[in-house]
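The values are calculated or read from the model by the stated rules, or taken from the named source; none is laboratory data. Please read these numbers as outputs of a predicted model, since none were measured by experiment. Positions of Cβ are generated from backbone atoms using ideal geometry, with glycine treated the same way; all protein chains shown enter the neighbour counts. Calculation scope for accessible area: heavy atoms of the full protein, side chains included, ligands and nucleic acids excluded. Shrake-Rupley method; radii C 1.70, N 1.55, O 1.52, S 1.80 Å.
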Amino acid sequence: LRVLSQLKATHRFRYTLVGDPNPFFEVRELIRRYEMEDHVTITGHLPMAEFEKFIGKTDIALNVRERTVGETSASLCRLLSAGVCSIVSNVGWYAELPANCVVKVPLDPHTDALLTAYLRRLIEDSKLRERIGENARGYALAEHNLERGAAAYLNVIETVVARRTRRKLLASVTNEVTSLA
C-alpha cells in the first residue's frame, strides 16, 4: 500500500485484496493512512469460482510475503497457471521460481524502491507483462502438473514401503550382532 500510494498520482489502477485481511495489522487503517480508499477494494473470503474470476481480471498480482514457513503458495500456483504476471518476495519457495516467470523482490532496505520501479515498468509495459505471464503459465503446466505430482507422491510411498523390509532386516541383524558383543 505504501508503494502503490506513490504511483496513484501518475498511474491508473485498482488494487484488490482478495481473501481475509491479515489479523495482525489493520489493513483498513493503512488504506486510510496512504489515502488509497479510491484505489483499494477488500473482498474478504471468496468461494473458489469468485476467486478465479478475480484472477481472470488481474494484470499484475502481488504475492509478497515477509516470512514463509516453507509452504508452496496455492494462490500463486493458480496465478501462474492462469498466466498472470506476478511479483513475489525473494524468500523461501518463491526464491526457487525461475526468474523469467515471476518478478522477485528482495526483502531488504531497497524493497520499496525496487517494487515501485517494477510496478511502474509492468504497468506501462503490457508486452512485458504478457511475456512474464506466458512464461509463468508454461512453468506451471510443466512443474505443477497434477498427474506428475501424483506420480511423485506414489513414488515416495513405494520407496518408503519397499525400504521397510530392509529396515526390519537391518534392525534384526543389528540386534543379533549387538547381543554377541
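A few notes on this one:
- Some residue of the stretch 162-174 being open to solvent by 50 Å² or more (accessible area, probe 1.4 Å), charged (D, E, K, R) and in a loop (DSSP other than H, G, I, E, B): no
- Subset of the stretch 79-90 (residues that are more than 9 Å from the chain's Cα centre (by Cα) and not β-branched (Val, Ile, Thr)): SER81, ALA82, GLY83, CYS85, ASN90
- Selection of helices (runs of 4 or more DSSP H) fully inside the stretch 29-145 by the criterion of at least 2 residues being closer than 16 Å to TYR15 by Cα and open to solvent by 40 Å² or more (accessible area, probe 1.4 Å) returns 48-56, 111-124.
- Positions within the stretch 73-90 being touching a residue at least 12 places away in the same chain (Cβ under 8 Å) and out of contact with any strand residue (DSSP E or B) (no Cβ under 8 Å at 6 or more places or on another chain), in sequence order: CYS77, ARG78, SER81, ALA82, GLY83
- Just one residue in the set ILE31, ILE87, ILE60 is in contact with a Ser or Thr (Cβ under 9 Å, 6 or more places away or on another chain) and of a type in the set (A, V, I, L, M, F, W, C); that residue is ILE60.
- Only one entry of GLU134, GLU147, GLU124 meets the criterion of being acidic (Asp, Glu) and under 17 Å from the mean Cα position of the chain (by Cα), and that entry is GLU134.
- When residues of the stretch 11-28 are limited to those that are open to solvent by 70 Å² or more (accessible area, probe 1.4 Å) and in contact (Cβ under 8 Å) with a residue 24 or more places away in the chain, the one farthest from ILE55 (Cα to Cα): ASP20
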